[in-house]
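> This is the structure I want to talk about, given as structure tokens.
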Number of protein chains: 2
Amino acid sequence: MLEPKNYHNPFTFYLYVAMNMTQLQLIFLGTGGSWPSVKRNVSSIAIKRGSEILLFDCGEGTQRQFQKSHLSYMQIKNIFITHYHGDHFLGLPGLIQTMQLNDRNIPLHIYGPEGIHDLVNDVVSLGYFKPTYEILSHEVADSDIVDFKEFEIHVLKVSHGVPSLAYSLVEKERPGKFNKPKALELNIPEGPLFSKLQKGHTIKLKDGTEIHPEMVMGPKRPGRKIVYSGDTRPVETMIEFAKHADVLIHEGTFDSSLNDISYQYGHSTVEEAAIIAKNAEVKMLFITHISPRYYESEDLKKEAEKKFNKVIIPKDFDTFTIPLKK
Amino acid sequence: MLEPKNYHNPFTFYLYVAMNMTQLQLIFLGTGGSWPSVKRNVSSIAIKRGSEILLFDCGEGTQRQFQKSHLSYMQIKNIFITHYHGDHFLGLPGLIQTMQLNDRNIPLHIYGPEGIHDLVNDVVSLGYFKPTYEILSHEVADSDIVDFKEFEIHVLKVSHGVPSLAYSLVEKERPGKFNKPKALELNIPEGPLFSKLQKGHTIKLKDGTEIHPEMVMGPKRPGRKIVYSGDTRPVETMIEFAKHADVLIHEGTFDSSLNDISYQYGHSTVEEAAIIAKNAEVKMLFITHISPRYYESEDLKKEAEKKFNKVIIPKDFDTFTIPLKK
């Protein structure tokens, strides 16, 4: 089970690399809703997968949250915006400009619901700024799946008064376990041939015997799944979308004493977020987009736990490593 | 002489009110240049005069700097932007939107060089935002003087590659000292007549004698003067513009080992800022817009002090009260 801790261990990262595994980290850069408070900046979540960063939402001040974290914004390749309320995208122009001042020369991809082309066009043409690197906008919609080779981003339409999306990062299956005793039994010499089989290639032994990978590899292992709701009322479709996710990051702007306000502004209460998590049978629920009216989150956590007990209300900069599935 | 201290004393504020004087405070909200660093946010300076806040530049994250200070952004009436590079205005959309979320219903005035109408139009129409309170843009140019009843804002064109302005807040003269012994000598009874004279009214005594204010009031006393350069190469015209100012806030992005870069990007070194301050015979120089490459500012201060020794390199949130002139 995930533990709520705040750490950065470069050694762990290199351990993953050495073991040919991909580390997957979740870094909460802004956990507040609507406007920033002393404790919480507005929405922004980084998912670091290997050496690549995917950014989900980019509220004002996100570039400075990067400066204060152990992450580099220069590693961002793809940004996913859930909707076009200021607290979810007003950090884009500054981030884009600072990347340029730091000599970025690789393309930046920005995904979002309808209106993304206009939005990106607007944010890159404020004041005297002129981009010198490629900034590409991509419109996505309900049920879309964007393929990134080792993982996919799935898209779900949610309900927030303006076009709004949830995103899910779904890793593709990875190879099964290598059965070393079986390999030795088949007289495969230890060394480079092991690695070829692990990578899915058929090999030929000196005596001419062909060995197919499936003869020594266990069943494929599922990838990890992280779902981010963006701002939304609780929606039934989220249950299927988030089914069995390792992590569901769901907004929970208010406690249920403010049910009416929550409904009026198209948000969820922490209780509603917890019910979704329970029905989706996720491994862990993170509740974010906390209204600035809550200085402490202990009571919110208690309210959510009544419905689903694997819940964390992260603070800004809290970092979690999502373990590989066995 | 001003002391570099970081304080907020509400008692002092009410003392000023009680004594019919106007407190003038300078609060550095962002002292870094180009992009934010862990230590310094991008440009923003608040001048609190009585209960009104004037904001000079509004880099990304300014609304959160307000949250972290003792100031309320709801007290801002007028914003002055020096030029349209991102680190000087990208905090506007978030600030404007948050004011709205907090039920602002009084007009907000935004001043800037040519292009201000387009700029304000752009920043208030990002995403789904629609302003519900009045946001008025005002174009100002070299030599303009904007009258605010108790003070004026003077405008100077500076040199930074794009249209750029410096601003000066110049308080109008205030009444001279009331000469109480003289008043008693003239048989004016202590009480409300004293106050009438202090406010500039002629009074009539019971015996019919007319007393004119100038008979009991000393010479008028000069107001305070605060000058902010914005981003600029050192310009000769700044010397006259900042003459005898109580405070000159001048940019000093680099040390003089980076003279060439400073010239290339239209900035000043700390040494150049100090020379301007010396020639303008200001009471105190504050150097701001420090490049993120400098983690500490001690060496920059030493370099400036070789030319002018009344220099402070403020940190974010440093607050200074500018004393009244006698």
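> If the reach is capped at under 13 angstrom between alpha carbons, list the aspartates and glutamates near A:Lys157, excluding any in the same chain fewer than eight residues apart.
Within the straight-line cut-off, A:Lys157 pairs with A:Glu114, A:Glu139, A:Asp142, A:Asp144, A:Asp231, A:Glu236, A:Glu240.
> Put a point 7 Å out from Cα along the line to Cβ at A:His109; what are the distances to that point in the other copies, in nm, shortest first?
4.9
> Oh, and also: Can you pull the accessible area of B:Trp35 for me, 1.4 Å probe, Å² to the nearest 10?
B:Trp35 has an accessible surface of roughly 60 Å² with all protein chains in place.
> Separate question: Note down the magnitude of the dipole of segment A:200-326 about its Cα centre, charges +1 on Lys and Arg C-beta and -1 on Asp and Glu C-beta and zero elsewhere, to the nearest 20 debye.
720 debye
> Rolling a 1.4 Å sphere over the protein heavy atoms, what is the accessible area per residue of chain A, to the nearest Å²?
Using a 1.4 Å probe on heavy atoms only, each residue of chain A averages 45 Å².
> For A:Gly161, what is the net charge nearby, where nearby means another residue's Cβ is under 12 Å from its Cβ and Lys, Arg count +1, Asp, Glu -1?
That sum, taken over residues with Cβ under 12 Å, equals 0.
> Follow-up. Quote the total accessible area buried by chains B and A together, excluding ligands, DNA and RNA, probe 1.4 Å, nearest 100 Å².
About 2900 Å² of accessible surface is lost on pairing.
> Moving on to the next point. Please check: in the Gaussian network model of chain A (C-alpha springs, under 10 Å), which one of A:Lys306, A:Lys225, A:Lys149 has the largest mean-square fluctuation.
A:Lys149
> Return the sequence-ordered ³J(HN,Hα) values of segment A:123-135 in whole Hz as given by the Karplus equation 6.51 cos²θ - 1.76 cosθ + 1.60 applied to θ = phi - 60°, using x for Gly and Pro.
In residue order, the calculated couplings are 6, 8, 10, 7, x, 9, 6, 9, x, 10, 10, 6, 10 Hz.
> Tell me whether the protein assembly as shown comes out rounded, prolate or oblate; compute the Cα gyration tensor, take square roots of the eigenvalues as a ≥ b ≥ c, and use a/c under 1.5 as the rounded threshold.
prolate
> For segment B:86-101, state which residues have at least 30 Å² less accessible area in the presence of all protein chains than in their chain by itself, taking the probe as 1.4 Å and leaving out ligands, DNA and RNA.
Those residues are B:Leu90, B:Gln97, B:Leu101.
> Out of residues 5 or more away from B:Ser137 or on other chains, whose amide H comes under 5 Å of its own, with H placed 1.01 Å from N in the peptide plane?
The answer is B:Ile110.
> Oh, and also: Report, for the protein assembly as shown, the % of DSSP beta bridges that are antiparallel, rounded to 5. Please list the in-between numbers first.
Details: 64 of 112 bridges.
Taking every DSSP beta bridge with both residues in the protein assembly as shown, the antiparallel ones total about 55 percent.
> Could you give, in nm with one decimal, how far B:Ser143 is from each other copy of that position, shortest first, with labels 7 Å out from Cα toward Cβ?
6.8
> How would A:Lys301, A:Lys48, A:Lys177 line up by accessible area, probe 1.4 Å, largest first?
I get A:Lys177, A:Lys301, A:Lys48, largest accessible area first.
> Each residue of segment B:302-308 in order: what ³J(HN,Hα) in whole Hz does its phi give by Karplus 6.51 cos²θ - 1.76 cosθ + 1.60, θ = phi - 60°, with x for Gly and Pro?
In residue order, the calculated couplings are 4, 4, 5, 5, 5, 9, 7 Hz.
> A follow-up question, please. Report the residue, chosen from B:Ile226, B:Ile135, B:Ile211, that carries the largest GNM mean-square fluctuation when chain B is represented by alpha-carbon nodes joined by springs under 10 Å.
In this elastic network of chain B, the residue with the biggest mean-square fluctuation among B:Ile226, B:Ile135, B:Ile211 is B:Ile211.
> Which order do B:Met238, B:Met21 take when ranked by solvent-accessible area (1.4 Å probe, heavy atoms of all protein chains), largest first?
Reading off the accessible areas and sorting them downward yields B:Met21, B:Met238.
> In whole Å, what is the distance between the alpha-carbon centres of segment B:237-285 and segment B:157-174?
14 Å
> Quick one: label points 7 angstrom along Cα→Cβ at B:Pro219, distances to the other copies in nm, smallest first?
Those label-point separations list as 9.7 nm.
> A further question on this structure: Could you work out the relative contact order of chain A? I mean the mean sequence separation of Cα pairs under 8 Å and 6+ apart, divided by the number of residues, in percent.
Taking the mean separation of contacting Cα pairs over the length of chain A, I get 19 percent.
> Let me ask something additional. Give me the accessible area of B:Glu52, 1.4 Å probe, in Å² rounded to the nearest 10.
Per-residue accessible area (B:Glu52): approximately 40 Å².
> Identify the residue of chain B whose Cβ lies closest to the rotation axis that maps chain B onto chain A, and give that distance in whole Å.
It is B:Gly61, 2, counting Cβ atoms only.
> Another question about this same structure. On a 23 Å Cα-Cα criterion, which of the cross-link pairs B:Lys39/B:Lys325; A:Lys77/A:Lys172; B:Lys220/B:Lys243 come out too long?
Beyond 23 Å: B:Lys39/B:Lys325.
> In the Gaussian network model of chain A, springs joining C-alpha atoms below 10 Å, which of A:Ser159, A:Ser143, A:Ser195 carries the largest mean-square fluctuation?
Maximum among the listed residues: A:Ser195.
> Then there's this: Of all beta bridges DSSP finds with both residues in chain B, what is the antiparallel percent, to the nearest 5?
55 percent
The values are calculated or read from the model by the stated rules, or taken from the named source; none is laboratory data. It should be emphasised that the depicted structure is a prediction, and the values quoted were computed from it without experimental measurement. Cβ coordinates were reconstructed from backbone atoms using ideal geometry, including for glycine residues, and neighbour counts include every protein chain displayed. With ligands, DNA and RNA removed, areas are computed over all heavy atoms of the protein, side chains included. Shrake-Rupley method; radii C 1.70, N 1.55, O 1.52, S 1.80 Å.
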